[in-house]
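Worksheet: the structure to be examined is printed underneath.
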Amino acid sequence: MPKKKDIWKHVIQIIRTNYDPAHVDPWFFHTQLKALDQNQGVIQVPNRFVAIWLKERFLEAIQSAIYKICGYRPDICFTYASNSISPKIPLPSSLPPVFQSPFNQKYTFETFIPDNKNRFAYASALTFAESCGQQFNPLFIFGPLTVGKTHLLHAVGNRISQNNPSLKVGYISSKKFISHLSSAAKSQDEIERLRSQFISLDLFILDDIQHLTDYPIVQTELLSICDHFLAHKKPLLFAANRSPASMDNLNRNLASRLGAGILAEIPALDHQTKLMILERRAADQVGPLADDVLFYLTTLTDDLSTLLNILDCVSQLNRENRQPIELTDIKRVTKHLTSDTLTIAQIQGVVAEHFGVSPSELASDKREKRICYPRHVAIYLCKELLGLSLKEIAKGFGKKNHSSMLYAIRSIENKIRNDRNLQEHIKRLRDALI
């Protein structure tokens, strides 16, 4: 029978083929197979933290690997020196390396665009920053991707750092939080040293907490950090894609701590808010953009980060050509985002050109006949050619109420039976689009 050392080496090799080695190596570093028979395998690990992690994340993988090598599947237990005493780790006197230069200077309260939907989150973050978390604690901001959560976290960090330069303010994403704990898991000393870095902060900011739901032991560490901060009345700031109560597999005690202060939701951005953000960013980078250019951009994607990256590309194009940005320039820059599939934006563009109006007017609230008529035609064609729901069409036209979409479709359906001019318009537009 192979030696235990060789068996364990083979076990780790098998696990590394089924998992990302970067997620395996930190946890199996300094582990040994101390005993093995058909009934039980005993694995020695550096500390309790690693024992819990391996049991929660890799127990089945270890048993399967042993079965593949030895032909039996034993129970697994972990052993570590429970009576070892770690030396006292001094608290760092300056900002720990984990948090050096954490804040994006472009993300400030001045560059954030508040509207009716995000105003509560904006006001809560501003109050939290100005009071340094003394009016309420913690602040938990949640909402879907690219609505400005991270912007507000950085804005708070920047404002508090400006108002209180002596404070140690730390920001970290949950993925880096998990990574640092994984790297420190090889020894209890490293765990204690990392923990001391977190609790030495005057303000702790953790982004994208939803990623912790698959890591119970990391949640336990965060709970310990939260208890320390709350006991010492030090501010905590969090963000996630949903509220603590909505997260599956989140430690109940941790969820209670996260929701103990203010919960501020930022809903998905609507058409008008995206337009406002693009207008302001464009004004700062390339000057005012034409309405048809701005409208086209907002129809490309719901991802605000992608739209802002497009503006960065457009800004570079503007510096090179020193000419006003036109729609053809935008389409060239955004070619990778479009496909041969017909879209609402394409229908709007063709209909707008046919009737001599702009695409942005089709999505506006203007009620002049010269705009309402082509708008109804465009909505009708979206339903006929794309087969979209009324809600999806309404979103493409920047509308909240899809009942107006139904009215437009029925209006065209009623008129087209006897109106030869309308029949001709629809035929020409279909030919241009299909």
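Just to check your reading of the model, which residue among LEU230, LEU254 is of a type outside the set (S, T, N, Q), touching a helix residue (DSSP H, G or I) at 6+ places or on another chain (Cβ under 8 Å), farther than 30 Å from THR146 by Cβ and at pLDDT 90 or above? Write out each step before concluding.
Numbers: LEU254 fails: farther than 30 Å from THR146 by Cβ.
After ruling out the rest, the residue left standing is LEU230.
If I ask for residues that are farther than 18 Å from LYS369 by Cβ and over 45 Å from the mean Cα position of the chain (by Cα), which ones from segment 402-420 would you list?
Passing the criteria: ARG417, ASN418, ARG420.
Sort out which residues of segment 279-294 are without any contact (Cβ under 8 Å) to a residue 60 or more places away in the chain, closer than 21 Å to LYS399 by Cα and in contact with a Leu (Cβ under 6 Å, 6 or more places away or on another chain), and write them in order of number.
Listed by number, the list holds a single entry, VAL293.
Matching residues to (1) closer than 21 Å to LYS3 by Cβ; (2) modelled with pLDDT of 90 or more:
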site: HIS30; (1), (2): yes, no
site: LEU36; (1), (2): yes, yes
site: VAL42; (1), (2): yes, yes
site: VAL45; (1), (2): yes, no
site: TYR80; (1), (2): no, no
site: LYS88; (1), (2): no, no
site: LEU91; (1), (2): no, no
site: PRO114; (1), (2): no, no
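Here is a list of conditions, (1) part of a helix (DSSP H, G or I); (2) farther than 25 Å from ILE191 by Cα; (3) in contact with a strand residue (DSSP E or B) (Cβ under 7 Å, 6 or more places away or on another chain), and ASP6 meets all of them except one; can you say which number that is?
Checking ASP6 against (1) part of a helix (DSSP H, G or I); (2) farther than 25 Å from ILE191 by Cα; (3) in contact with a strand residue (DSSP E or B) (Cβ under 7 Å, 6 or more places away or on another chain), the one that fails is (3).
Which of the residues belonging to segment 156-192 are in contact (Cβ under 8 Å) with a residue 40 or more places away in the chain, farther than 16 Å from LEU206 by Cβ and of a type in the set (A, V, I, L, M, F, W, C)?
Scanning segment 156-192 gives ALA185, ILE191.
Residue check, SER183 against (1) among the polar types (S, T, N, Q); (2) within 23 Å of the chain's Cα centre (by Cα); (3) closer than 20 Å to VAL45 by Cβ, all met but one. Which one?
Against the list (1) among the polar types (S, T, N, Q); (2) within 23 Å of the chain's Cα centre (by Cα); (3) closer than 20 Å to VAL45 by Cβ, SER183 comes up short only on (2).
Considering only segment 163-212, state which residues are over 21 Å from THR108 (Cβ atoms), among the basic types (Lys, Arg) and not in a helix (DSSP H, G or I).
Within segment 163-212, LYS186 is the sole residue that qualifies.
Go over the candidates ILE199, ILE191 one by one and state the one that is surrounded by fewer than 19 Cβ atoms within 10 Å (Cβ to Cβ), over 23 Å from the mean Cα position of the chain (by Cα), at pLDDT below 90 and hydrophobic (A, V, I, L, M, F, W, C).
Numbers: ILE191 fails: surrounded by fewer than 19 Cβ atoms within 10 Å (Cβ to Cβ).
On inspection, the qualifying residue turns out to be ILE199.
With a cut-off of at least 2 residues that are modelled with pLDDT under 80 and in the same structural domain as ALA290 (by TED's automatic domain parsing), name the helices (runs of 4 or more DSSP H) lying wholly within segment 321-427.
Result: 327-333.
Where the second residue is surrounded by fewer than 18 Cβ atoms within 10 Å (Cβ to Cβ) and the first is free of Cβ contacts under 8 Å to residues at least 12 places away in the same chain and lies in segment 367-378, which pairs have Cβ atoms under 9 Å and are six or more apart or on separate chains?
Going by the 9 Å Cβ cut-off, the qualifying pairs are CYS372/LYS366.
Quickly run through segment 125-162 and pick out the residues that are in a loop (DSSP other than H, G, I, E, B) and surrounded by 21 or more Cβ atoms within 10 Å (Cβ to Cβ).
At the first step, the residues of segment 125-162 found to be in a loop (DSSP other than H, G, I, E, B) are 132-138, 143-148.
The answer is GLY133, PRO138, GLY143, VAL147, GLY148.
Could you check segment 240-257 and list, in sequence order, the residues that are of a type in the set (D, E, K, R) and free of Cβ contacts under 8 Å to residues at least 60 places away in the same chain? Give the derivation first.
Of all residues in segment 240-257, those of a type in the set (D, E, K, R) come to 242, 248, 252, 257.
Listed by number, the residues that qualify are ASP248, ARG252.
The values are calculated or read from the model by the stated rules, or taken from the named source; none is laboratory data. As the structure is a prediction and not an experimental result, all values here were calculated from the model. Cβ coordinates were reconstructed from backbone atoms using ideal geometry, including for glycine residues, and neighbour counts include every protein chain displayed.
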